[in-house]
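Report on the structure given below.
The values are calculated or read from the model by the stated rules, or taken from the named source; none is laboratory data. Because the structure is a prediction, the values reported are computed rather than measured. Every residue, glycine among them, receives a Cβ derived from its backbone with ideal geometry; neighbour counts consider all protein chains shown.
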Amino acid sequence: MIYIKNTNIKIQVSKTILDEVLQSKRFHLELKASKYWRKELIDVKLVNDKLVTKLKDIHTISISNGLHPDLPVYNYECIRFFLNKDTKKFVFQLGDKITKDIKLSDTNKQLNLFNI
């Protein structure tokens, strides 16, 4: 699942893929280029009576494992992404890890521990 907000994209991946990314064994992520994701990731404009397509600007990728609210989210720099027409997939090239966001529910658990 992917969520796009401005120049950030959130991707939820399997545990094995997340582990490979965290251990620096994987430096790219792939996403099937369905009609929906083409619409979300490609800007189409009409310029001088011609259709012009351009990929949106994505600067950071937030990667998590699943939908559970207690799981951490890892933010990575997106060096570039492109549409591989042969495999019909979007390929996101990852850069350096920026941060590890701790979910709000994690901080609430920590606060509850001190109230005991």
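Data table
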quantity	calculated
Test for K39: is it under 12 Å from the mean Cα position of the chain (by Cα) and basic (K, R)	no
Subset of the stretch 80-105 (residues that are at pLDDT below 85 and surrounded by 14 or more Cβ atoms within 10 Å (Cβ to Cβ))	K97, I98, K103
Candidate set: the stretch 32-53, residues that are over 26 Å from I98 (Cα atoms) and among the basic types (K, R); chosen: the one surrounded by the most Cβ atoms within 10 Å (Cβ to Cβ)	R38
Pairs where the first residue, in the stretch 1-30, is under 19 Å from I42 (Cβ atoms) and the second is at pLDDT below 90 and of a type in the set (D, E), C-beta under 7 Å, 6+ apart	I4/E40; T7/D57
In the stretch 60-79, residue surrounded by the most Cβ atoms within 10 Å (Cβ to Cβ) [restricted to those that are in a strand (DSSP E or B), in contact with a Leu (Cβ under 9 Å, 6 or more places away or on another chain) and not hydrophobic (A, V, I, L, M, F, W, C)]	Y76
When residues of the stretch 58-99 are limited to those that are over 15 Å from V13 (Cβ atoms) and of a type in the set (K, R), the one nearest to the chain's Cα centre (by Cα)	R80
Of residues in the stretch 1-43 being in a strand (DSSP E or B) and modelled with pLDDT of 90 or more, the one farthest from K89 (Cα to Cα)	H28
